[in-house]
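J.: Here it is, the structure in full.
The values are calculated or read from the model by the stated rules, or taken from the named source; none is laboratory data. Since this is a predicted model, take the numbers as computed values, not measurements. Cβ placement follows ideal geometry from the backbone for every residue including glycine, while neighbour counts extend to all protein chains displayed.
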Amino acid sequence: MRITKPTYFDTFRCIASDCPDSCCKEWDVQVDEAAAAQYRALSGPLGDRLREVMREEDGETVMTIIDGRCPMWRADSLCRIQAELGHEALCKTCREFPRLTHDYGDFIEYGLELSCPEAARIILSTPAEMVTEEVPGGEEPEYDEEAMEVLLRTRDMARAILADTNRPINDTLALLLIYGYQAQGELDGAEVAPFEPQSGLEAALHFTAPANPDLMVEFFQGLEILTEEWSARLKHPATGSWDRAYLLLARYFIDRYWLQAVSDYDLVSRVKLAVISCLLIHHLGGDLTRTAQLYSKEIENDIDNIEAILDGAYASPAFTDDRLLGALLQ
Ligand code: SF4
């Protein structure tokens, strides 16, 4: 079986008490069955407290947020379960966060989640070099192998577009969107054709409509909102400049979502998700790492929000292709 991960994956370390926005804040932590059973059977004050704060919701066990934090969070910013029982006693969510696993059966891809501040710092400062190793095990692929071959090949091309730092950042993001349509065509069975960036950009210039950032913000205000900070940021955007780190940001979204199109053959909405995310983060401005991390916490960690954007990529007037190109090229 093939395992692929960015070189920084194994060196990630949680910065715990130095973390500016702990993963123990605001989120309902979902407790897996094995951990929930262990916690329920635990004796002593920690067991008593765990039984008090765990609750059932939609068939899942979750920790009840108290004063905006996980009730296991201690004043020294450490986790009470980890401190008293050790790392292995953490539930799966906490043991793995912010590590992402995409398991396709015969190959696995690992990554880090942008919603962790330390992971965001690494992702937006370090070009992702991927390493691959072969390990024993694995299962028969359950995906459409032909589609996966196209997705792997076109993702390499998308990565190459983002790695080219010779053109303005916004032009590169426009090219990513344009290439997304070509890649979708190949996924749908079109012949493989060379990608011509210059002629793509020239054609796109005739296909732009005035950007409407207010419409985009309105769309995001209609999604589920977790924190007051996010609500305030949406109300008071402070548009930033196009920094090279946006290429790393787009690369993160491509790495995370591109192959997921194997499940429904819809690549364009995922490419648009990457572009829309970069546009919104750019529009909100502020410190890029913080804005991107907050975006991920609000949007990526809520599957309903992600699905709303994937749908909105086709249905919302905020995200028509000409408007997105206008926001990038005008
Ligand atoms: S958000 Fe990241 S750095 Fe912060 S406490 Fe959680 S894992 Fe550690």
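J.: Listed residues Val150, Val131; which is loosely packed, with under 14 Cβ neighbours inside 10 Å and not in a loop (DSSP other than H, G, I, E, B)?
T.: Selected residue: Val131, the only one of Val150, Val131 that is loosely packed, with under 14 Cβ neighbours inside 10 Å and not in a loop (DSSP other than H, G, I, E, B).
J.: Counting just the residues of segment 275-289 that are within 22 Å of Pro20 (Cα to Cα) and touching a Ser or Thr at 6+ places or on another chain (Cβ under 6 Å), which one comes out surrounded by the most Cβ atoms within 10 Å (Cβ to Cβ)?
T.: Restricting to residues being within 22 Å of Pro20 (Cα to Cα) and touching a Ser or Thr at 6+ places or on another chain (Cβ under 6 Å), the top hit is Leu284.
J.: Determine, yes or no, whether Ala193 is surrounded by fewer than 19 Cβ atoms within 10 Å (Cβ to Cβ), more than 29 Å from Lys297 (Cβ to Cβ) and either touching a Lys or Arg at 6+ places or on another chain (Cβ under 7 Å) or charged (D, E, K, R) (or both).
T.: no
J.: May I ask you to list the residues in segment 259-314 that are assigned to a helix (DSSP H, G or I) and of a type in the set (D, E, K, R)?
T.: Arg270, Lys272, Arg290, Lys297, Glu298, Glu300, Asp304, Glu307, Asp311
J.: All but one of (1) at pLDDT 95 or above; (2) farther than 20 Å from Gln184 by Cα; (3) more than 19 Å from the chain's Cα centre (by Cα); (4) surrounded by fewer than 22 Cβ atoms within 10 Å (Cβ to Cβ) hold for Tyr314; state the number of the condition that does not hold.
T.: Of (1) at pLDDT 95 or above; (2) farther than 20 Å from Gln184 by Cα; (3) more than 19 Å from the chain's Cα centre (by Cα); (4) surrounded by fewer than 22 Cβ atoms within 10 Å (Cβ to Cβ), only one is false for Tyr314: (2).
J.: Continuing with this model, one more query. Can you find a residue in segment 117-127 that is touching a Lys or Arg at 6+ places or on another chain (Cβ under 7 Å) and either at pLDDT 95 or above or of a type outside the set (Phe, Trp, Tyr) (or both)?
T.: No, that holds for no residue.
J.: Restricting to segment 58-79, count the residues that are within 14 Å of the ligand (Cβ to nearest atom) and in contact (Cβ under 8 Å) with a residue 24 or more places away in the chain.
T.: The number of residues fulfilling the criteria is 8.
J.: So, one more: Cβ contacts < 6 Å: first residue at negative phi and buried (at least 22 other Cβ atoms within 10 Å of the Cβ), restricted to segment 241-257; second residue of a type in the set (D, E, K, R) and not in a helix (DSSP H, G or I), any location; separation 6+ or different chain. Result?
T.: Going by the 6 Å Cβ cut-off, there are no qualifying pairs.
J.: Within the group Asp10, Asp67, Asp76, which residue is at positive phi and acidic (Asp, Glu)?
T.: Asp67
J.: Regarding Thr93, is this residue within 16 Å of the ligand (Cβ to nearest atom) and outside any helix (DSSP H, G or I)?
T.: Here the answer is no, as Thr93 does not meet what is asked.
Here's the yes/no breakdown for (1) of a type in the set (Ser, Thr, Tyr); (2) in the same structural domain as Asp164 (by TED's automatic domain parsing); (3) farther than 28 Å from Met63 by Cα:
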{"residue": "Cys91", "(1), (2), (3)": "no, no, no"}
{"residue": "Tyr104", "(1), (2), (3)": "yes, no, yes"}
{"residue": "Ile108", "(1), (2), (3)": "no, no, yes"}
{"residue": "Gly111", "(1), (2), (3)": "no, no, no"}
{"residue": "Pro117", "(1), (2), (3)": "no, no, no"}
{"residue": "Ile123", "(1), (2), (3)": "no, no, yes"}
{"residue": "Thr126", "(1), (2), (3)": "yes, no, yes"}
{"residue": "Met130", "(1), (2), (3)": "no, no, yes"}
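J.: Taking into account only those residues within segment 10-57 that are part of a helix (DSSP H, G or I) and of a type in the set (Ser, Thr, Tyr), which is nearest to the ligand (Cβ to nearest atom)?
T.: Ranking the candidates gives Ser17 first.
J.: Within segment 80-90, which residues are more than 12 Å from the ligand (Cβ to nearest atom) and of a type in the set (A, V, I, L, M)?
T.: Of everything in segment 80-90, those that are more than 12 Å from the ligand (Cβ to nearest atom) and of a type in the set (A, V, I, L, M) turn out to be Ile81, Ala83, Leu85, Ala89.
J.: Next question. Does Val217 fit the bill of being of a type in the set (A, V, I, L, M) and within 28 Å of Ile303 (Cβ to Cβ)?
T.: yes
J.: When you check Leu124 against the structure, is it over 30 Å from Asp243 (Cβ atoms) and within 16 Å of the ligand (Cβ to nearest atom), yes or no?
T.: Criteria not met by Leu124.
J.: Given the criterion more than 30 Å from Pro20 (Cβ to Cβ) and at pLDDT 95 or above, identify the matching residue among Ala261, Ala308, Ala292.
T.: Just a single option satisfies the conditions, and that option is Ala261.
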